[in-house]
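Below is one structure, written out as structure tokens; the observations come after it.
Each value in this text was obtained by applying a stated rule to the coordinates, not by laboratory testing. Computed from a predicted structure; not experimentally measured. Every residue, glycine as well, gets a Cβ built from its backbone with ideal geometry; the counts of neighbours run over all protein chains shown.
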């Protein structure tokens, strides 16, 4: 079984504002590489950072895959590496932001062997730079998706 590296980035202009994520999946030693991105009309950078990780994990087809998630998001990496998300889960995510995404993350996280690594953003890391390009491009598409949970939580009308 091959190890997969998942590189991620999220962006939001205005925070909240239009946002997007970018993901690169690379299967180590095989040359396999795939890119994904998606944009939303109103969201936050932290939601996009977390959604990028979720989407990367959800794209894996084989359970129990060994995965290294590489992100420049301290919010995401520290929440996982320092175990905060597991404490939040035990407390029903009371008072925590993005519970919808953290619950979704935990469902897919538990299907794989996941390690995480923080890298400094905008530091000439090729995959991180590409993910940033994808996230920004996604956030500027002429038609953007609705981040329904976020907009409903804010009390915004979805139409």
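Just a few scattered comments:
- The relative contact order of the stretch 1-71, computed from alpha carbon pairs under 8 Å that lie at least 6 residues apart in sequence, is 42 percent.
- By DSSP, the beta bridges lying fully in the stretch 25-159 are antiparallel in about 20 percent of cases.
- Estimated inter-spin distance, residue 130 and residue 145, nm [label 7 Å along Cα→Cβ]: 2.1 nm
- Contact order normalised by residue count of the chain, Cα under 8 Å, 6+ apart, percent: 34 percent
- Taking packing as the residue-averaged number of other Cβ atoms within 10 angstrom, the listed peptides 98-104, 129-135, 112-118 run from highest to lowest as 129-135, 98-104, 112-118.
- For the stretch 76-159, fraction of C-alpha pairs farther apart than 16 Å, in %: 68 percent
- Shape category assigned to the stretch 1-140 from the gyration tensor of Cα positions, a/c cut at 1.5: oblate
- Anisotropy class of the stretch 52-121 from Cα gyration tensor, a/c 1.5 cut: oblate
- For the chain, built as a Gaussian network whose Cα springs stay under 10 Å, the top-fluctuating residue of 75, 109, 32: 32
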